[in-house]
Amino acid sequence: MSRTIVVTGGGTGIGKAVAERFRADGDQVVITGRRAEVLEKTAAELGGKAVVCDGTDPEQVRRLLDELPGEVHVLVNNAGGNTDFGAADGHDDLAVVKNNWLANFDTNVLTAVLATTALMPRLVDGGAVVHVGSIAGARGAGSYGAAKAALATWNQDVATELGPRGITSNVVAPGYTAETEFFQDRMTPDRRNQLLEATMLRREGEVADIAAAIHFLASPAARHITAQVLHVNGGALTTR
Ligand SMILES: NC(=O)c1ccc[n+]([C@@H]2O[C@H](COP(=O)([O-])OP(=O)(O)OC[C@H]3O[C@@H](n4cnc5c(N)ncnc54)[C@H](OP(=O)(O)O)[C@@H]3O)[C@@H](O)[C@H]2O)c1
């Protein structure tokens, strides 16, 4: 059966790989993002639908509903990133500190909250919500890590609310993952080596690794897994 999958931030990196993974099953995929050109290029490549939508803007998220079918099977809240990269530096200016923290909250928590709230009535019973968190949510990275931790905590509420309908809600928390725009121009060979050395597998994450975990959580095999955080990081962070 072909399903409808909505992937926020699906134009690049992990989101693009997620869309590609579901397309391989013949699913209908809708990808969102702020840059029309990037989105349309990816949608044409994958055979999906592109909808320009800034996930932090309630009105744009409401308009996204007009572009979606009446039933959505899987929502992947992937849009996000560390807005501290390129942000104003101002530890001694509390107004700057406030803006920087709110930017990471908006980008990594509010995007998921607005999309999930808007799409809840459209999600089919037995469907799935998967949020993309981060290793930073467990390990800390300023306002970015705090936002990803908030996302994981809020996931408990989503899972509780959707559980009676057989809809699961989980977080996939990647470690360092290559082939994305996440680091912009900040990744150096030394930093990359450090991140590889921190894994037990001595390899960087690939976007397909993250997409596979998300695809699994949205599959029939994962119908009894909900309210969890699944870390995909090559052993860079362990859970017990
Ligand atoms: N790469 C890593 O090592 C890593 C590690 C842990 C977690 N993550 C998480 O993985 C997710 C995907 O990131 P990525 O690594 O694939 O980096 P990426 O290539 O930069 O992808 C992020 C995507 O999100 C979209 N986006 C950002 N803000 C948005 C907004 N307000 N509304 C709609 N779309 C928005 C971007 O498109 P537009 O700019 O066009 O809007 C972009 O396509 C993020 O949540 C990130 O925090 C990444």
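The values are calculated or read from the model by the stated rules, or taken from the named source; none is laboratory data. Quick caveat: nothing in here was measured; it's all calculated off a predicted structure. Every residue, glycine as well, gets a Cβ built from its backbone with ideal geometry; the counts of neighbours run over all protein chains shown. Side chains are part of the model used for accessible areas, which takes the heavy atoms of the whole protein and leaves out ligands, DNA and RNA. Shrake-Rupley method; radii C 1.70, N 1.55, O 1.52, S 1.80 Å.
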- Of the listed residues (Thr188, Thr180), the one being out of contact with any strand residue (DSSP E or B) (no Cβ under 7 Å at 6 or more places or on another chain), in contact (Cβ under 8 Å) with a residue 24 or more places away in the chain and open to solvent by 10 Å² or more (accessible area, probe 1.4 Å) is Thr180
- Query: Which one of Ala159, Ala236, Ala149, Ala222 is more than 11 Å from the ligand (Cβ to nearest atom), under 22 Å from Asn82 (Cα atoms), of a type in the set (A, V, I, L, M, F, W, C) and surrounded by 15 or more Cβ atoms within 10 Å (Cβ to Cβ)?
  - Reply: Ala149
- Taking segment 186-240 and keeping only residues that are assigned to a helix (DSSP H, G or I), farther than 26 Å from Leu162 by Cβ and in contact with a Lys or Arg (Cβ under 8 Å, 6 or more places away or on another chain), one is left with Leu196, Val207, Ala208
- Might you check whether a residue that is within 25 Å of Ala159 (Cβ to Cβ), within 12 Å of the ligand (Cβ to nearest atom) and not hydrophobic (A, V, I, L, M, F, W, C) occurs anywhere in segment 21-37? yes
- Under 9 Å by Cβ, and 6 or more places apart or on different chains, what pairs join a residue from segment 8-23 that is closer than 11 Å to Glu45 by Cβ and assigned to a loop (DSSP other than H, G, I, E, B) with one that is near the ligand (Cβ under 6 Å from one of its atoms) and open to solvent by less than 10 Å² (accessible area, probe 1.4 Å)? Gly11/Thr32
- Could you tell me whether Glu67 is modelled with pLDDT of 95 or more, buried (at least 19 other Cβ atoms within 10 Å of the Cβ), on the phi < 0 side of the Ramachandran plot and not hydrophobic (A, V, I, L, M, F, W, C)? no
- Item | Complete set of residues in segment 1-24 that are surrounded by fewer than 24 Cβ atoms within 10 Å (Cβ to Cβ) and touching a Ser or Thr at 6+ places or on another chain (Cβ under 8 Å) | Thr12, Gly13
- Would it be correct to say that Pro174 is free of Cβ contacts under 8 Å to residues at least 40 places away in the same chain and of a type outside the set (A, V, I, L, M, F, W, C)? no
- Query: Could you say which residue among Ala36, Ala44, Ala103 is without any contact (Cβ under 8 Å) to a residue 12 or more places away in the chain and out of contact with any helix residue (DSSP H, G or I) (no Cβ under 7 Å at 6 or more places or on another chain)?
  - Reply: Ala44
- Query: Which ones in segment 42-64 are assigned to a loop (DSSP other than H, G, I, E, B) and open to solvent by 60 Å² or more (accessible area, probe 1.4 Å)?
  - Reply: none
- Query: How many of the residues in segment 25-41 are closer than 18 Å to Glu71 by Cβ and open to solvent by 60 Å² or more (accessible area, probe 1.4 Å)?
  - Reply: 2
